[in-house]
1. Search the stretch 16-31 for residues being within 11 Å of the chain's Cα centre (by Cα) and among the small types (Gly, Ala, Ser), and hand back the single one that is nearest to Leu52 (Cα to Cα).
2. In this structure, does Ile25 turn out to be at pLDDT 95 or above and not in a helix (DSSP H, G or I)?
3. If you go through the stretch 11-65, how many residues are free of Cβ contacts under 8 Å to residues at least 12 places away in the same chain, among the basic types (Lys, Arg) and farther than 15 Å from Met1 by Cα?
4. For the stretch 22-31, which residues satisfy the criterion of being hydroxyl-bearing (Ser, Thr, Tyr) and surrounded by 13 or more Cβ atoms within 10 Å (Cβ to Cβ)?
Amino acid sequence: MWYLIEKILFKKSISRYQLSKLTGIPESTLASYKNDGVNPSFINVCKIAEALDVSLDELRERKEK
């Protein structure tokens, strides 16, 4: 999921630090999503989607059939 978030961050010129400030999610937690492959909780996904002004569906990974 993090790669989808990173694509949106890049497109909107928002840093991980700025996302942390916008969401209230510690930067270390955001780093664990990227570096450790930890999936965010539903609550944090909602905070991220709201901060980035995207739908939850845009952050959903689609599985190819």
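The values are calculated or read from the model by the stated rules, or taken from the named source; none is laboratory data. Computed from a predicted structure; not experimentally measured. Cβ placement follows ideal geometry from the backbone for every residue including glycine, while neighbour counts extend to all protein chains displayed.
1. Top of the filtered list is Ser20.
2. The answer is yes for Ile25.
3. So the count comes out to 3.
4. Applying the first criterion (hydroxyl-bearing (Ser, Thr, Tyr)) to the stretch 22-31 yields 23, 28-29.
Answer for the stretch 22-31, where residues must be hydroxyl-bearing (Ser, Thr, Tyr) and surrounded by 13 or more Cβ atoms within 10 Å (Cβ to Cβ): Thr23, Thr29.
Table: residues versus (1) exposed (fewer than 11 other Cβ atoms within 10 Å of the Cβ); (2) assigned to a helix (DSSP H, G or I); (3) touching a helix residue (DSSP H, G or I) at 6+ places or on another chain (Cβ under 9 Å).
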{"site": "Leu4", "(1), (2), (3)": "no, yes, yes"}
{"site": "Leu9", "(1), (2), (3)": "no, yes, yes"}
{"site": "Tyr17", "(1), (2), (3)": "yes, yes, yes"}
{"site": "Ser20", "(1), (2), (3)": "no, yes, yes"}
{"site": "Tyr33", "(1), (2), (3)": "no, yes, yes"}
{"site": "Val38", "(1), (2), (3)": "no, no, yes"}
{"site": "Ala49", "(1), (2), (3)": "no, yes, yes"}
